[in-house]
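The values are calculated or read from the model by the stated rules, or taken from the named source; none is laboratory data. Note that this is a predicted model, so its numbers are computed, not measured. So basically every Cβ, Gly included, is an ideal-geometry build from the backbone, and we count neighbours across all protein chains shown. These area figures cover heavy atoms from the full protein model, side chains too; ligands, DNA and RNA do not enter into them. Shrake-Rupley method; radii C 1.70, N 1.55, O 1.52, S 1.80 Å.
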Amino acid sequence: MTEMWARLETCLDVIPKLRDDLRSGLAKEQWQVLEQKIGVTLPESFKDFYAVHNGQEGKKAGGLFFGIEFIPFAEVMVQWEGWHTIIGDNNSEKLREDYCYDCQSLTPDAINVTYANNLWIPFAHDWGGNHLGIDLDPDVKGTVGQVINFGRGEEHKVVVAKSFEAFIAWFVVELGAGNYVVDQKEKPWLWYGDKPDTHFLDTAKTLFAPR
């Protein structure tokens, strides 16, 4: 992940305020707090990524992942606790009935069809209760550690990448290829492709759903 970050930071040289918005790294041992709560070990690539940069400050630029903010460990814990509280003692069926009337996995049989799951770990958010996250409890055709979208408005979920490392590799390739637009308003804002103001989580549903 150190090499991947080096490539990523090189891509961000053209958006220095976004590069400078990144926090310093996090000791990998910090994740033991969450791992003990969920009873599962997080992917090493995920912890290695945070060991270089622990999310964004969120002050100098918009979200790293095409407008979706890369959140620091402390915020991962806050948001995970929020979802944990919503889930409570409810099972997947009860959560669907109460919160998610049209839940679907756009990647067939890869994501458990429910509203929330204690083993979905957010690492990025849109400030509106929606996330990119690590899925440690996939459905029968999914992969442990796959990257998915989930959240308050994300009834239709999709596998964005089969692993966190694969997601970062895809992201670096897209940046290197120039598949983005930088919107210079109050602070630099990175949009995927050539269409500013298109929410990346909406784009993901089209981009990554099987055809």
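Could you work out the relative contact order of the chain, using alpha carbon pairs under 8 angstrom and six or more residues apart, expressed as a whole percent?
On the way: 373 pairs, mean separation 40.8, N = 211.
It rounds to 19 percent for the chain.
Net charge near residue 202: determine it from the other residues with C-beta under 13 Å of the C-beta of residue 202, scoring Lys and Arg +1 and Asp and Glu -1.
-1
Count charges around residue 100 for me, please; just the other residues with Cβ under 11 Å from its Cβ, Lys/Arg as +1, Asp/Glu as -1. Could the numbers behind the result be given before it?
Working: positive: 94, 96, 152, 157; negative: 93, 97, 98, 102, 154, 155.
So the surrounding residues net to -2.
Give me the number: length gained by fully extending residue 101 to residue 198, i.e. 0.36 nm times residue separation minus the C-alpha to C-alpha distance, one decimal in nm.
32.5 nm
Here is the link list: 157/187; 28/205; 37/141; 17/157; 17/47. Which ones come out longer than 28 Å on Cα distance?
Details: 157/187 30 Å; 28/205 32 Å; 37/141 26 Å; 17/157 31 Å; 17/47 24 Å.
Beyond 28 Å: 157/187; 28/205; 17/157.
Any chance you could run the full-extension gain for residue 113 through residue 179? It's 0.36 nm times the residue separation minus the Cα-Cα distance, nm to one decimal. Could you put the intermediate results ahead of the total?
On the way: separation 66, 0.36 × 66 = 23.76 nm, distance 3.12 nm.
Gain in length upon complete extension: 20.6 nm.
Which of the listed residues, 142, 30, 176, is farthest toward the dipole's positive end in the chain, when Lys, Arg count +1 and Asp, Glu count -1 at the beta-carbon?
Selected residue: 176.
What is the sum of charges around residue 35, taking Lys and Arg as +1, Asp and Glu as -1, for the other residues whose C-beta is under 11 Å from the C-beta of residue 35?
My count for the surroundings of residue 35 gives +2.
Run the simple label-point estimate for residue 38 and residue 139 please: 7 Å along Cα→C-beta, distance reported in nm.
Placing both labels 7 Å along Cα→Cβ, they lie 2.0 nm apart.
Could you please state how large a percent of the accessible area of region 60-139 is carbon and sulfur, counting protein chains only and using a 1.4 Å probe?
Numbers: 1450 of 3020 Å².
Exposed carbon and sulfur together represent 48 percent of the surface.
Sequence gap at least 6, Cα distance under 8 Å: using those rules, report the relative contact order of region 53-166 to the nearest whole percent. Display every interim value, and only then the final one.
Details: 215 pairs, mean separation 25.4, N = 114.
For region 53-166, the relative contact order is 22 percent.
Between residue 3 and residue 24, what FRET efficiency follows from the Cβ-Cβ distance if R0 is 25 Å, with the result rounded to 0.05?
Details: r = 18 Å, r/R0 = 0.74.
With a Förster radius of 25 Å, E is 0.85.
Treating only the Cβ atoms of Lys and Arg (+1) and Asp and Glu (-1) as charged, compute the dipole magnitude of the chain about its Cα centre; round to the nearest 20 debye. Don't skip to the answer; put the middle values down first.
Details: 20 positive and 32 negative charges, 64 e Å.
Computed charge dipole of the chain: roughly 300 debye.
Run the numbers on region 110-192 and let me know its relative contact order in percent, using alpha-carbon pairs under 8 Å that are six or more apart.
Details: 132 pairs, mean separation 16.8, N = 83.
Contact order relative to length: 20 percent.
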